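The next block holds one structure in the form of C-alpha cells; read it before the comments.
The values are calculated or read from the model by the stated rules, or taken from the named source; none is laboratory data. Nothing here was measured: the structure is a model prediction, and the numbers come from that model. Methodologically, a virtual Cβ is constructed for each residue, glycine included, from the backbone with ideal geometry; neighbour enumeration extends over all protein chains shown.
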Amino acid sequence: MVSKRIEKALEGNSAIRAMFEEGKEMAREFGAEHVYDFSLGNPATPAPAALNNAIRALLDESDAKEGGSLALHGYMSNSGHEDVRAAVAENLNRRFGTSFDFHNIIMTVGAAGGLNVIFKTILNPGDEVIVFAPFFGEYCQYAANFDARIVAVRPDEETFEPDLADFAAKLSERTKVVLVNTPNNPTGVIYKPQTMERIARILEEKQREIGREIYLVSDEPYRELVYDGSREDFLTKYYKNTIVGYSFSKSLSLPGERIGYVAVPGEAADAENLIRGIEISNRTLGFVNAPSLIQKAVARCLDERTDVGFYDGNRRLLYEGLTRLGFDCVKPEGAFYLWVKSPVSDEGAFVDEAKKYHILMVKGSAFAWPGYVRLAYCVSRETINHSMEAFAKLAAVYGLKAD
C-alpha cells in the first residue's frame, strides 16, 4: 500500500500531464495533424546548434585525454563542477551586476530539483510558503514534500499582478518563503519593477515585526523569454534575502536534460549555512549532483538562446486570432502561455467542449484560479494556424462575436 502522502498526491496529480497523455491518445485516434494540443509547456524550438556541438566537443576532448572519460562522467562535488559554477557566476555578474563567485552557485536537476533542495534546506513542518495565484500547481507538492503549507495570494484580475494588500494580510509568523515566478506560468505576465519593490518593502517590514528572515525564492525558468522590449530581470537587486532557482529547459530548449542552478547571494541572511544546506539537500534528496556532461555543455552556451522570435510569432498569432474570435485573453509579456477567460463560469465544461473540436487546454483551477484556461503556444506554427477553424467553431458554441 502506498503512503498517505502519495495517496494525497495521487488525488491531486498534475492536470497538465493528464491532458498531455489524453492528447497522445487523441493523436493516435484522429491523427496528430487533427489534434491541437496546447496542454504542455514542451519547447517546440530545437536546442541551439552550439549546445549539440559542445556535447560533441566534450566527448571528443575526453576521448583524447588519458582518463578524460572518467573525469567527464564521474562524480564531482554535490554542488557541481567548480569551473561550471564559476562560468555561471561570471555570466550573471556581467548581465545583472551581481557579485557572485562559484561558491554562490549550486548546479541542480532543473528548476524543480532546485526548488526542492531550497525547500528542504529552509522549511520546517508547519511553515508557510506564500505563492501568487495563479501559479504552477506542482508548487503545492513541493511544499508538501516537507510538510509545509501553501498560502495563495489573489491577483489583481485586471493586470494579473499580485494583490499586494492581500499579500501583506497573508504574511504571518509562520511565513518562511515567498515564491515568485516572473515571467509567470500560466499568465505570461511580467511583474513590474515597482511591484517587486513594493513586495520587498512589505517583506522587510514583516521581517522587522517578527524578528527573523523571510526568504524570497525566485523561480526563473522563463527569464529570457520576454517580448515587446521587456528586459530580463534579476530579483536579488530588490531584496537581499532572495534565492534564485533557474532552469535551462526553456532558454536552451532542454527540458528533458534536467539542468539548472540555484544562486544564493552572499548578503542573504545565513548565506553560508544556506549554501551548505542546499549542497547537502542535493545529495540527500537523491540527486547527488546535476548530470555531469550537460553541466559542462551548458557552461559553454550561457549566452546562447532558443529562438525567442519563433515564440513571439506564435504569441501574436494565437492572441490576435483568439481575440478576433471574441475570446477574452491576457496578452502575454513573457514565457509561452496564453491565459484565456472561460466564456462560462465552469471552465472545466469549457475545456470538455473544446475537446470535441480536438483542442486541448488546461483548466485554470489547476493553477488555483478557476474561470480561465491556459494554452501553451510552444507548438508548431502549423498547429496554431490549423487550430483557428476549430476555435471558430468553439466560439460559435458560446455565441462569441468575432471582430
Near pairs, Cβ below 6 angstrom, 6+ apart or cross-chain, from the range 286-312 (among the small types (G, A, S)) to any residue that is outside any helix (DSSP H, G or I)
A290/G80; A290/M107; A290/T108; A290/V109; A290/I259
Residues located in the range 81-101, provided they are buried (at least 19 other Cβ atoms within 10 Å of the Cβ) and aromatic (F, W, Y):
F100
Could you tell me which of the residues Y191, Y222 is closer than 24 Å to T45 by Cβ, among the aromatic types (F, W, Y), at pLDDT 95 or above and not assigned by TED's automatic domain parsing to the domain that holds P43?
Y222
Going through S292, S342 one at a time, which residue ends up being modelled with pLDDT of 95 or more, more than 23 Å from the chain's Cα centre (by Cα), polar (S, T, N, Q) and on the phi < 0 side of the Ramachandran plot?
S342
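Which one is surrounded by the most Cβ atoms within 10 Å (Cβ to Cβ), of the residues in the range 330-372 that are acidic (D, E) and farther than 26 Å from Q141 by Cβ? Please lay out each step first, then the result.
First, pick out the residues of the range 330-372 that are acidic (D, E): 333, 346-347, 352-353.
Add one more test, that the residue is farther than 26 Å from Q141 by Cβ, and what stays is 333, 353.
Numbers: E333: 21, E353: 16.
Here the residue is E333.
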Looking at (1) over 23 Å from T182 (Cβ atoms); (2) crowded, with 23+ Cβ neighbours inside 10 Å; (3) among the aliphatic types (A, V, I, L, M), which one does L375 not meet, given that it meets all the others?
(1)
Got a sec? Which of A268, A263 is of a type in the set (G, A, S), in the same structural domain as Y238 (by TED's automatic domain parsing), farther than 17 Å from G113 by Cβ and in contact with a helix residue (DSSP H, G or I) (Cβ under 9 Å, 6 or more places away or on another chain)?
A268
Checking the structure you have, find out if any residue of the range 115-130 is closer than 16 Å to A366 by Cβ, of a type in the set (V, I, T) and without any contact (Cβ under 8 Å) to a residue 60 or more places away in the chain.
no
Only one of P155, P162, P183, P221 is in contact with a Leu (Cβ under 7 Å, 6 or more places away or on another chain), in contact (Cβ under 8 Å) with a residue 12 or more places away in the chain and under 24 Å from V373 (Cβ atoms). Can you tell me which?
P183
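Which of the residues that make up the range 363-403 are outside any loop (DSSP other than H, G, I, E, B) and of a type in the set (D, E)? Give the derivation first.
To start, the set of residues in the range 363-403 that are outside any loop (DSSP other than H, G, I, E, B) comprises 363-367, 372-376, 381-397.
Those that are outside any loop (DSSP other than H, G, I, E, B) and of a type in the set (D, E): E382, E389.
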All but one of (1) in contact (Cβ under 8 Å) with a residue 24 or more places away in the chain; (2) basic (K, R); (3) assigned to a loop (DSSP other than H, G, I, E, B) hold for K206, so report the exception by its number.
(3)
Please enumerate the residues belonging to the range 151-175 that are in contact with a helix residue (DSSP H, G or I) (Cβ under 6 Å, 6 or more places away or on another chain) and either basic (K, R) or closer than 27 Å to F38 by Cα (or both).
V153, R154, E161
Could you please find all residues in the range 302-325 being more than 20 Å from the chain's Cα centre (by Cα) and outside any helix (DSSP H, G or I)?
L325
Selection from the range 322-350 of residues in contact (Cβ under 8 Å) with a residue 24 or more places away in the chain and among the aliphatic types (A, V, I, L, M) yields L322, L325, V330, A335, L338, V340, V344
Restricting attention to the range 159-201, and to residues there that are farther than 23 Å from Y319 by Cβ and of a type in the set (D, E), which single residue is surrounded by the most Cβ atoms within 10 Å (Cβ to Cβ)?
D163
Output the residues belonging to the range 229-256 that are of a type in the set (D, E, K, R) and either farther than 16 Å from I275 by Cβ or part of a helix (DSSP H, G or I) (or both).
R231, E232, D233, K237, K250
Among residues belonging to the range 224-245 that are among the charged types (D, E, K, R) and out of contact with any strand residue (DSSP E or B) (no Cβ under 7 Å at 6 or more places or on another chain), point out the one that is farthest from S99 (Cα to Cα).
D228
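Considering only the range 211-240, state which residues are farther than 19 Å from V264 by Cβ and either aromatic (F, W, Y) or surrounded by 14 or more Cβ atoms within 10 Å (Cβ to Cβ) (or both). I'd like the intermediate steps shown before the answer.
Our first condition is that a residue be farther than 19 Å from V264 by Cβ; within the range 211-240, this holds for 211, 222, 224-232.
The answer is Y222, E224, L225, V226, Y227, E232.
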Flagged in the range 280-295 as surrounded by fewer than 19 Cβ atoms within 10 Å (Cβ to Cβ) and in a helix (DSSP H, G or I), in numbering order, are I280, R283, T284, L293
